[in-house]
Amino acid sequence: LADLWWIYSKPVPADGRELWTLFLQCSCITVVIGGLFYNWMFASLEYSWHLSVAMAVSFSLLLLLTLLLVHPARCVFSMIMPTLGTKQGRKLLFSTCIMIAVVNITPNIMSNLKTILQVIKCICKNSSDSLLNSTALLEKVSWEFGDAIQETVHSIYKPMNGHFRFSLLQNSSLINQKMHLAGERISREFLSVEVLVKDSIRVANRLAAGFFVLYLCFESTWYLKNYLTNLHFDNFYITKKLEHLAADRRAAHLLVGSSKKLIRPTGLKLSWEEVVLCLLQAMLVTMALLLLLLVVAMDHFAFSVADTAVRKAAQFSAVPVTLSIKYKVEIGIVPFLFKVFGRPSEELLLADFNRTYHHHLIFSSARCSICPPSPPNPSVLLAVGLLFCILYTTVFLETYARRLCRKIAASFFPGWEEER
């Protein structure tokens with residue numbers, strides 16, 4: 001492994017064997033990176049497969065030529081791997097978490113909201129139909145009541161036609177049609193909003209992911225540029241060369257103990273500034289985790305409401321409605337004369353109508369087409385949890401990743417490392 005790394009980090013291969021070894025190394029790297037790049041574009045960023053394949057192949061060929069011919073590019077590319085463990089890598093992981101939420105959690109929330117709207121639409125339609133049917137009952141009552149009024153004992157007291165006509169029954173199909181059109185319009189608007197939100201977040205995430213990748217390359221290049229131009233940049237490590245210099249000049253006691261300025265690159269010790277930086281980064285990750293957990297909680301809440309609405313709508317019982325009509329017509333016989341003589345008047349019963357009618361208001365029906373609520377996907381929650389575990393791990397590994405970048409740069413430019 002040491003020999004392979006030596007060949008990989010050399011500016012120019014010494015012979016044909018080293019050239020072929022370097023070519024095989026760069027080829028293996030480009031194949032692996034090309035496969036990861038294709039999977040990232042197709043699965044995470046949701047590009048089409050043919051565009052993802054074309055971009056992956058082009059990127060792999062360009063990367064192969066760059067690694068094979070440009071020595072500093074190999075150094076920059078090698079430093080990108082540990083740089084993934086820094087804040088730039090965390091931004092890419094944040095982008096992946098956002099895409100998981102967009103692709104899996106948001107459509108599930110929208111689906112459950114659609115189920116709730118379907119329950120409301122079903123209740124409105126059935127209740128309106130039931131109310132319209134109740135007008136048929138009122139029409140029946142009015143006709144029977146009118147017939148009873150007509151059947152008085154004497155034609156002198158017979159009133160005019162007492163029948164009522166309800167025109168509301170003639171508009172029942174129009175009401176159902178308007179409700180159907182309103183439901184279709186709401187569904188179309190809901191779908192357009194869902195598509196707009198998903199497309200907007202997808203485009204924003206693609207732009208952010210592309211920017212993060214470019215910035216990742218820029219940060220590695222910036223580190224190498226500072227390493228090669230500034231002797232004081234990231235140069236507070238106790239290297240083997242520094243230990244030899246201290247021993248030669250009889251100053252080894254300066255490197256012993258807990259130094260505030262110098263640390264060992266292979267040790268686990270963190271300076272106080274590094275600890276504070278790790279805690280601040282952990283707080284930022286925690287804030288992002290809380291926001292994503294809020295989206296997950298909304299998913300569970302929407303499912304709970306949709307499930308409750310579907311179950312309660314199925315349990316709606318018919319509401320009984322009772323209509324009782326009591327009608328009694330009596331006429332007094334010469335009531336004035338009886339009042340004059342102080343005797344109680346006698347009344348003649350002309351008509352008596354006493355009937356009870358029953359009806360049921362129905363709010364739910366098995367004929368309603370309601371999609372079952374979609375439960376939250378536990379695998380999505382598991383994937384997000386694993387990603388955030390990696391994020392928290394990178395927070396505390398960021399310092400060691402920076403130290404690894406220092407060692408990579410030193411191995412690519414040993415002469416400059418001697419000067420530093």
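Could you sort 107-116, 58-67 so that the peptide with the highest average Cβ count within 10 Å comes first and the rest follow in order? Show your work: numbers first, answer last.
Working: 107-116: 19.6, 58-67: 15.8.
The most tightly packed comes first, giving 107-116, 58-67.
Remark on residue 321: its backbone amide H falls under 5 Å from those of 359, 360, 361, a criterion applied only to residues 5 or more positions apart or on other chains, H modelled at 1.01 Å from N. Across every pair of non-identical alpha carbons in region 70-132, the mean reciprocal distance, once inverted, gives a Kirkwood radius of 16.1 Å.
Computed on the Cα atoms alone, the convex hull of region 1-69 gives a volume of 82 cubic angstrom per residue. Sorting 276-283, 95-102 by average packing, meaning the other beta carbons within 10 Å per residue, from highest down gives 95-102, 276-283.
Across region 292-297, coupling constants 3J(HN,Hα) worked out from phi with the 6.51/-1.76/1.60 Karplus curve, θ = phi - 60°, read 5, 5, 5, 5, 5, 5 Hz, and Gly and Pro carry x. Per-residue 3J(HN,Hα) values for region 406-419, derived from phi via the Karplus relation 6.51 cos²θ - 1.76 cosθ + 1.60 with θ = phi - 60°, read 4, 5, 5, 4, 5, 6, 7, 10, x, x, 5, 5, 4, 5 Hz in sequence order (x marks Gly and Pro).
Take the cross-link list 178/198; 87/225; 241/407; 91/114; 240/407 and give me the ones stretching past 23 Å between alpha-carbons. Let's see the in-between values first.
Details: 178/198 30 Å; 87/225 19 Å; 241/407 13 Å; 91/114 33 Å; 240/407 12 Å.
Too far apart for the 23 Å limit: 178/198; 91/114.
Comparing Cα centroids, region 12-66 and region 356-407 end up 34 angstrom apart. Estimated at the nearest 10 Å², the accessible area of residue 195 is 70 Å² with a 1.4 Å probe.
What is the ratio of the Cα radius of gyration of region 184-241 to 2.2 N^0.38 Å, where N is its residue count, to two decimals?
My calculation over the Cα atoms of region 184-241 gives 2.27.
Near the amide H of residue 264, within less than 5 Å, lie the amide hydrogens of 238, all on another chain or at least 5 residues away, with H placed in the peptide plane. Lys and Arg at +1, Asp and Glu at -1: add these up for the other residues within a Cβ distance under 14 Å of residue 218 and post the number. That works out to +2.
Given R0 = 56 Å, the distance between the Cβ atoms of residue 277 and residue 50 translates into a calculated FRET efficiency of 0.80. Ordered from highest to lowest accessible area with the whole protein assembly present and a 1.4 Å probe, 20, 143 read as 20, 143.
Rounded to the nearest Hz, the phi-derived 3J(HN,Hα) couplings of region 114-127 under the Karplus curve 6.51 cos²θ - 1.76 cosθ + 1.60 (θ = phi - 60°) are 4, 4, 4, 5, 5, 5, 5, 4, 5, 5, 4, 5, 5, 5, where x marks glycine and proline.
The values are calculated or read from the model by the stated rules, or taken from the named source; none is laboratory data. Owing to the predicted nature of the structure, the values given are computational and were not obtained by experimental measurement. With ideal geometry, Cβ positions are generated from the backbone for all residues, glycine too; neighbour counts draw on all protein chains shown. Note: accessible area is taken over every heavy atom of the protein model, side chains too, but ligands, DNA and RNA are not part of it. Shrake-Rupley method; radii C 1.70, N 1.55, O 1.52, S 1.80 Å.
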